[in-house]
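S.K.: This structure is in structure tokens; I'll ask about it shortly.
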Amino acid sequence: MLNIAATDASARKIHPLPGGLHLPDNKHQSSVRPIMQAALPKRLIIPLRQHAGNPAEPLVKAGDPVLKGQKIAQGEGLISAPLHAPSSGVVSAIQSLPAPHPSGLSEPCVVIETDGEERWAELPAPMDYRQANPAAILERVRAAGVVGLGGAAFPASVKLSPRPGDGLHTLIINGAECEPYITCDDLLMRERAAKVLAGIDIIRTLLQVEKTIIGIEDNKIEAIAAMRTARDLAGYEAMEIVVIPTRYPSGGEKQLIYILTGEEIPSGGIPAQIGMVCHNVGTAAAVADAVLEGKPLISRLITITGEGVAEPRNLEALMGSPVADLIAQAGGYTPKANKLILGGPMMGYTLFSDEIPIAKATNCILAASTAEAPDPGPALACIRCGRCAEACPMSLLPQQLYWHSRAKALGKACDYNLFDCIECGCCSHVCPSHIPLVQYFRFAKSEHRREEAEKRKAELAKRRHDARQERLERLEREKKEAMRKKQEAMKAKKTAAGGDAGDAKQAAIAAAAKRAAAKKAERATQGEAPKNTQGLSAAQQRQIDEAEARRAQARKTAHSEDRARPAAATESPPQD
Amino acid sequence: MIEAIAAISLLALIFGLLLGYSSIRFKVEENPVVEQVNELLPQTQCGQCGYPGCKPYAEAVAAGEAPINLCPPGGTVTMESIATVLGVEPIPLDVEVVEERPKTRAWIDEDVCIGCTVCIKACPVDAILGTTKQMHTVIASECTGCEKCVEPCPVDCIYMVPIQAGVADWTWPFPERGRPGEIAEPARKAA
């Protein structure tokens, strides 16, 4: 492969990857056949979550007719992407169906029954990206639902809008495609190099970077040649096409940047922190489609391969095509088919059913035979041989991570930089004890994320509870305060009006007593005694006399007590 | 001799003042363990521990008045972390008093709701929205699943529904260890 590297005038220094593996690449099976347009499936199942970030919000409902390329769901929030109808037809339902996800859980999907007419919706006009406003180009890319097609499906428009202060200087284009079996980027570069380069030029214009480096592994001879020819034809001399040695996982973003520039991204950071941005060749082609043709991202190249299919090949398939349909177009299953893997053999996951649709991030369907995906056999005890540490391309210590993940000591695992693990699977692959190391790390990572989410939820609940307690206390205080004020006001009113009222009352009583006395006196002068003292019997008279005597006695004692009382106590109104 | 005594006395005075000042200046208002334990609790404010909320339970635990295994929503994980903070032996969750259950969330049958606002008053985190004689609803993202609203409802229209596991909060399963041939933990100890 030396001659290929030598033909590039600007021979860039290649920084060999720490760790990594030489794997049998198994790419020829699918790369010998040209790209074929996949036939239109009867039914398209479009998951609303096909990208990193928030799921899209559907804009259609069951029964709505849709046209090819029509927007059927809009992105929610900044990190999200809209979805478009891959073909014309009728929305038959919006329902939960098994999604292309390792969990095998169902996700809300828009189901479209295709009508076979492939009628296009009105597409936005092609843009001249050299003249157009960068904001308009970005908006076009965002509206086309372009996401990173390398695997993470991160909305491309976010990575295309440089933030002030980033100081971006280098654009890295990832054409490494290091995972065995997958050839969709290879075929894309071979057959559509001009489009890829046009996309790269758009990205370069948007990001205003000085350098553009395209990294391709040296096992893709035809792709390298096609890209070089197309570059020279289009006159993009500034784009550097660098051939890198084939070594898994050189196609990882961090790995590729290191190989090409020798620079490392800080732990937990993103390439923008060291002034770089990395895009996949597939994303570049999708950007070119969106800007130059106005086409939304409704189809992608996908490799259907493995000993389990009769004619391994690359298909240009519509998003939402069921896996079974695509397998059928690659010649159908062979008797050897044993296991369906979505993605490559190293990082992919097993599919439980072939009814599952493909999504924007799906690059490969591997129908593996028993020989291709053997059962690793029972896991044995770790013998601390250290081969996993040698193989780790992130220079981590998988055996330490293993002990801590296995003990569910997530904090300790994080101390050993668990979150720098790229889940490439090199450690599991070399482990002589067949320990599913990467499974432990995936478990530990997702468990840690869940715990963090729970902590955030608890924190939120605490804040809301505290706020409520505070409010209740405040209301109570306010209520008491209001009550106190009211009472005070009443008291004040009473004392203000109280003096007069008391006097008036006393005066009225005195006046009444006076009137009664006058009346009595008048009667007495007229010789009238009170009627209730007339004609008393002897017994009654005696009772009266006794009562009078008691009364006199009581008065006498009361008087003597009054005199005995201290002066202070006699402030109360005098009796009698 | 006198100098030595004077020097030592001076030092004693200086440090005494310093200590006296710091005990006033850096006075700890609250037992810091309470806050630490409270941080570990899930803050559902459900009262299943027998205390009116997470903070009172944390206070009781810190004071040594309550056992550490009374929090059902927190489960074994919370119990173990409290044990670590307090430096005590973990004790298993008392299954009769508290049992670990799948996470649930309140749901109001809005057709039946009469709008009495009783549940709103019962909710410790203000997760129920509604007003007098208007239908009420639960803000799903804020509900802690404490079930405090279920019992007071006069028309029994509040149900606790299990939270559906979605792709977003799915976690990778722990790799099977019981696979044939793998040396399991107890077996190794025995060997």
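S.K.: Can you pull out every residue in the stretch A:376-408 that is among the charged types (D, E, K, R) and either over 19 Å from B:Trp172 (Cβ atoms) or away from chain B (no Cβ under 14 Å) (or both)?
M.R.: Let us first name the residues in the stretch A:376-408 that are among the charged types (D, E, K, R), namely A:384, A:387, A:390, A:406, A:408.
Residues satisfying the conditions are A:Arg384, A:Arg387, A:Glu390.
S.K.: Now a separate question. Of (1) surrounded by fewer than 19 Cβ atoms within 10 Å (Cβ to Cβ); (2) hydroxyl-bearing (Ser, Thr, Tyr); (3) within 30 Å of A:Cys414 (Cβ to Cβ), A:Thr205 satisfies all except one. Which?
M.R.: The single condition A:Thr205 does not satisfy is (3).
S.K.: Looking at A:Glu355, A:Glu316 in this structure, which one is assigned to a loop (DSSP other than H, G, I, E, B) and either out of contact with any helix residue (DSSP H, G or I) (no Cβ under 8 Å at 6 or more places or on another chain) or more than 19 Å from A:Pro24 (Cα to Cα) (or both)? Break it down into steps so the answer makes sense when it comes.
M.R.: Numbers: A:Glu316 fails: assigned to a loop (DSSP other than H, G, I, E, B).
On inspection, the qualifying residue turns out to be A:Glu355.
S.K.: Tally up the residues in the stretch A:430-440 that are in contact with an Asp or Glu (Cβ under 7 Å, 6 or more places away or on another chain) and farther than 17 Å from A:Gly20 by Cβ, please.
M.R.: Qualifying residue count, the stretch A:430-440: 0.
Table: residues versus (1) surrounded by fewer than 23 Cβ atoms within 10 Å (Cβ to Cβ); (2) modelled with pLDDT under 95; (3) not small (Gly, Ala, Ser).
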{"site": "A:Gly306", "(1), (2), (3)": "no, yes, no"}
{"site": "A:Glu311", "(1), (2), (3)": "yes, yes, yes"}
{"site": "A:Ala328", "(1), (2), (3)": "yes, yes, no"}
{"site": "A:Leu380", "(1), (2), (3)": "yes, yes, yes"}
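S.K.: I would also like to ask the following. All but one of (1) part of a strand (DSSP E or B); (2) surrounded by fewer than 24 Cβ atoms within 10 Å (Cβ to Cβ) hold for A:Leu292; which doesn't?
M.R.: (1)
S.K.: Check whether at least one residue in the stretch A:456-471 is exposed (fewer than 11 other Cβ atoms within 10 Å of the Cβ), without any contact (Cβ under 8 Å) to a residue 12 or more places away in the chain and over 21 Å from B:Ser81 (Cα atoms), and report yes or no.
M.R.: Filtering the stretch A:456-471 down to residues exposed (fewer than 11 other Cβ atoms within 10 Å of the Cβ) leaves A:456, A:470.
After this cut, where a residue has to be without any contact (Cβ under 8 Å) to a residue 12 or more places away in the chain as well, the list is A:456, A:470.
Then keep just the ones that are over 21 Å from B:Ser81 (Cα atoms); that gives A:470.
So far as the stretch A:456-471 goes, yes, one or more of its residues are exposed (fewer than 11 other Cβ atoms within 10 Å of the Cβ), without any contact (Cβ under 8 Å) to a residue 12 or more places away in the chain and over 21 Å from B:Ser81 (Cα atoms).
S.K.: Also, quick follow-up: For a quick check of your reading of the model, give me the residue pairs whose first member lies in the stretch B:10-39 and is outside the structural domain of B:Gly74 (by TED's automatic domain parsing) and closer than 30 Å to B:Val88 by Cβ, whose second is at pLDDT 85 or above and among the polar types (S, T, N, Q), with beta-carbon atoms closer than 8 Å and at least 6 apart or on different chains.
M.R.: Final answer for the pair search is none.
S.K.: Before we move on, is A:Ile182 over 22 Å from A:Ala11 (Cα atoms), of a type in the set (A, V, I, L, M, F, W, C) and in a helix (DSSP H, G or I)? If you could, list the steps in order and put the result at the bottom.
M.R.: Details: over 22 Å from A:Ala11 (Cα atoms): yes; of a type in the set (A, V, I, L, M, F, W, C): yes; in a helix (DSSP H, G or I): no.
The answer is no for A:Ile182.
S.K.: In addition: From the residues in the stretch B:21-41 that are part of a loop (DSSP other than H, G, I, E, B) and surrounded by fewer than 23 Cβ atoms within 10 Å (Cβ to Cβ), which one is nearest to the other protein chains (Cβ to nearest Cβ)? Working first, answer last.
M.R.: Start the filter on the stretch B:21-41 by keeping residues that are part of a loop (DSSP other than H, G, I, E, B), which leaves B:26-31, B:41.
Now restrict to residues that are surrounded by fewer than 23 Cβ atoms within 10 Å (Cβ to Cβ): B:26-31.
Details: B:Phe26: 25, B:Lys27: 23, B:Val28: 20, B:Glu29: 16, B:Glu30: 14, B:Asn31: 18 Å.
The qualifying residue nearest to the other protein chains (Cβ to nearest Cβ) is B:Glu30.
S.K.: So which helices (runs of 4 or more DSSP H) are wholly in the stretch A:397-492 and hold at least 2 residues that are small (Gly, Ala, Ser)? Write out each step before concluding.
M.R.: Numbers: elements: A:398-406, A:410-415, A:426-430.
Per the criteria, A:410-415.
S.K.: Looking at the stretch B:132-151, which of the residues that are surrounded by fewer than 21 Cβ atoms within 10 Å (Cβ to Cβ) and more than 23 Å from the chain's Cα centre (by Cα) is modelled with the highest pLDDT?
M.R.: The qualifying residue modelled with the highest pLDDT is B:Thr137.
S.K.: Let me ask you something else. Could you list, in sequence order, all residues of the stretch B:71-86 that are part of a loop (DSSP other than H, G, I, E, B) and either under 17 Å from B:Glu39 (Cβ atoms) or free of Cβ contacts under 8 Å to residues at least 24 places away in the same chain (or both)?
M.R.: The answer is B:Cys71, B:Pro73, B:Gly74.
S.K.: Right, another one. Could you say whether any residue in the stretch A:117-128 is closer than 20 Å to A:Leu44 by Cα, free of Cβ contacts under 8 Å to residues at least 40 places away in the same chain and charged (D, E, K, R)?
M.R.: There is at least one residue in the stretch A:117-128 that is closer than 20 Å to A:Leu44 by Cα, free of Cβ contacts under 8 Å to residues at least 40 places away in the same chain and charged (D, E, K, R).
S.K.: So for the stretch A:118-135 (the condition being of a type outside the set (D, E, K, R), assigned by TED's automatic domain parsing to the domain that holds A:Leu351 and outside any loop (DSSP other than H, G, I, E, B)), does at least one residue qualify?
M.R.: Yes, the stretch A:118-135 contains a residue that is of a type outside the set (D, E, K, R), assigned by TED's automatic domain parsing to the domain that holds A:Leu351 and outside any loop (DSSP other than H, G, I, E, B).
S.K.: Also: Checking B:Tyr159 against (1) within 25 Å of B:Asn31 (Cβ to Cβ); (2) outside any loop (DSSP other than H, G, I, E, B), which single condition isn't satisfied?
M.R.: Failed condition: (1).
S.K.: Looking only at the stretch A:37-65, count how many residues are part of a loop (DSSP other than H, G, I, E, B), hydrophobic (A, V, I, L, M, F, W, C), under 19 Å from A:Leu149 (Cβ atoms) and in contact (Cβ under 8 Å) with a residue 60 or more places away in the chain. Please lay out each step first, then the result.
M.R.: Of all residues in the stretch A:37-65, those part of a loop (DSSP other than H, G, I, E, B) come to A:38-42, A:48-56, A:59-64.
Of the ones still in play, those that are also hydrophobic (A, V, I, L, M, F, W, C) are A:38-40, A:48, A:52, A:56, A:59-60, A:62.
This time we only want the ones that are under 19 Å from A:Leu149 (Cβ atoms), so: A:38, A:48, A:52, A:56.
Filter again for in contact (Cβ under 8 Å) with a residue 60 or more places away in the chain, leaving A:38, A:48, A:52.
Within the stretch A:37-65, residues that are part of a loop (DSSP other than H, G, I, E, B), hydrophobic (A, V, I, L, M, F, W, C), under 19 Å from A:Leu149 (Cβ atoms) and in contact (Cβ under 8 Å) with a residue 60 or more places away in the chain number 3.
S.K.: Looking at the structure I just gave you, is A:Ser30 part of a helix (DSSP H, G or I), on the phi < 0 side of the Ramachandran plot and surrounded by 18 or more Cβ atoms within 10 Å (Cβ to Cβ)? Give the derivation first.
M.R.: Numbers: part of a helix (DSSP H, G or I): yes; on the phi < 0 side of the Ramachandran plot: yes; surrounded by 18 or more Cβ atoms within 10 Å (Cβ to Cβ): yes.
Considered against the rule, which asks whether it is part of a helix (DSSP H, G or I), on the phi < 0 side of the Ramachandran plot and surrounded by 18 or more Cβ atoms within 10 Å (Cβ to Cβ), A:Ser30 comes out as yes.
S.K.: Any residue in the stretch A:17-32 that is not assigned by TED's automatic domain parsing to the domain that holds A:Cys426 sitting within a Cβ distance under 6 Å of a residue that is charged (D, E, K, R) and buried (at least 17 other Cβ atoms within 10 Å of the Cβ)? List the pairs, counting only those 6 or more apart or interchain.
M.R.: Filtered contacts from the stretch A:17-32: A:Leu17/A:Arg247; A:Gly20/A:Arg247; A:Ser30/A:Arg313; A:Ser31/A:Asp186.
S.K.: Answer yes or no as to whether A:Gln506 is assigned to a helix (DSSP H, G or I), more than 43 Å from the chain's Cα centre (by Cα) and at pLDDT 90 or above.
M.R.: On the way: assigned to a helix (DSSP H, G or I): yes; more than 43 Å from the chain's Cα centre (by Cα): yes; at pLDDT 90 or above: no.
No.
S.K.: Would you check which residues across the stretch A:80-104 are assigned to a loop (DSSP other than H, G, I, E, B) and either farther than 15 Å from A:Pro55 by Cα or of a type in the set (D, E, K, R) (or both) and list them? Give the derivation first.
M.R.: Start the filter on the stretch A:80-104 by keeping residues that are assigned to a loop (DSSP other than H, G, I, E, B), which leaves A:80-82, A:85-88, A:99-104.
A:Ala85, A:Pro86, A:Ser87, A:Ser88, A:Pro102, A:Ser103, A:Gly104 - these are the residues of the stretch A:80-104 that are assigned to a loop (DSSP other than H, G, I, E, B) and either farther than 15 Å from A:Pro55 by Cα or of a type in the set (D, E, K, R) (or both).
S.K.: Could you tell me whether the stretch B:76-86 includes any residue that is closer than 22 Å to A:Arg463 by Cβ, in the same structural domain as B:Pro154 (by TED's automatic domain parsing) and crowded, with 18+ Cβ neighbours inside 10 Å?
M.R.: There is no residue in the stretch B:76-86 that is closer than 22 Å to A:Arg463 by Cβ, in the same structural domain as B:Pro154 (by TED's automatic domain parsing) and crowded, with 18+ Cβ neighbours inside 10 Å.
S.K.: Which numbered condition in (1) among the β-branched types (Val, Ile, Thr); (2) more than 25 Å from A:Gly53 (Cβ to Cβ); (3) part of a helix (DSSP H, G or I) is the only one that A:Ile213 fails?
M.R.: Evaluating A:Ile213 over (1) among the β-branched types (Val, Ile, Thr); (2) more than 25 Å from A:Gly53 (Cβ to Cβ); (3) part of a helix (DSSP H, G or I) leaves (3) as the failure.
S.K.: What is the one condition in (1) in contact with a His (Cβ under 8 Å, 6 or more places away or on another chain); (2) within 13 Å of chain B (Cβ to nearest Cβ) that A:Glu451 does not satisfy?
M.R.: The one condition A:Glu451 does not meet is (1).
S.K.: Moving to a separate point now. Would it be correct to say that A:Ile265 is touching a residue at least 40 places away in the same chain (Cβ under 8 Å) and in contact with a helix residue (DSSP H, G or I) (Cβ under 7 Å, 6 or more places away or on another chain)?
M.R.: Against the criterion (touching a residue at least 40 places away in the same chain (Cβ under 8 Å) and in contact with a helix residue (DSSP H, G or I) (Cβ under 7 Å, 6 or more places away or on another chain)), A:Ile265 does not qualify.
S.K.: Please find, within the stretch B:105-131, the residue that is nearest to the chain's Cα centre (by Cα) out of those that are assigned to a strand (DSSP E or B) and away from chain A (no Cβ under 14 Å).
M.R.: Kept after step one, since they are assigned to a strand (DSSP E or B), are these residues of the stretch B:105-131: B:105-108, B:128-129.
Cutting the leftovers down to away from chain A (no Cβ under 14 Å) gives us B:107-108.
Values: B:Trp107: 23, B:Ile108: 25 Å.
Of everything passing the filter in the stretch B:105-131, B:Trp107 is nearest to the chain's Cα centre (by Cα).
S.K.: May I ask you to list the residues in the stretch A:146-181 that are buried (at least 22 other Cβ atoms within 10 Å of the Cβ) and either without any contact (Cβ under 8 Å) to a residue 12 or more places away in the chain or of a type in the set (Ser, Thr, Tyr) (or both)?
M.R.: Once the filter is applied, which keeps residues that are buried (at least 22 other Cβ atoms within 10 Å of the Cβ) and either without any contact (Cβ under 8 Å) to a residue 12 or more places away in the chain or of a type in the set (Ser, Thr, Tyr) (or both), the stretch A:146-181 yields A:Ser157, A:Tyr181.
S.K.: Run down B:Thr44, B:Thr76, B:Thr84 and say which single residue is more than 14 Å from the chain's Cα centre (by Cα) and within 14 Å of chain A (Cβ to nearest Cβ). Spell out how you get there, then give the answer.
M.R.: Numbers: B:Thr44 fails: more than 14 Å from the chain's Cα centre (by Cα); B:Thr76 fails: more than 14 Å from the chain's Cα centre (by Cα).
That would be B:Thr84, the only listed residue that is more than 14 Å from the chain's Cα centre (by Cα) and within 14 Å of chain A (Cβ to nearest Cβ).
The values are calculated or read from the model by the stated rules, or taken from the named source; none is laboratory data. Every value quoted in this text rests on a predicted model; they were computed, and no experiment measured them. Here the Cβ is made from the backbone with ideal geometry for all residues, glycine too, and neighbour counts use every protein chain on show.
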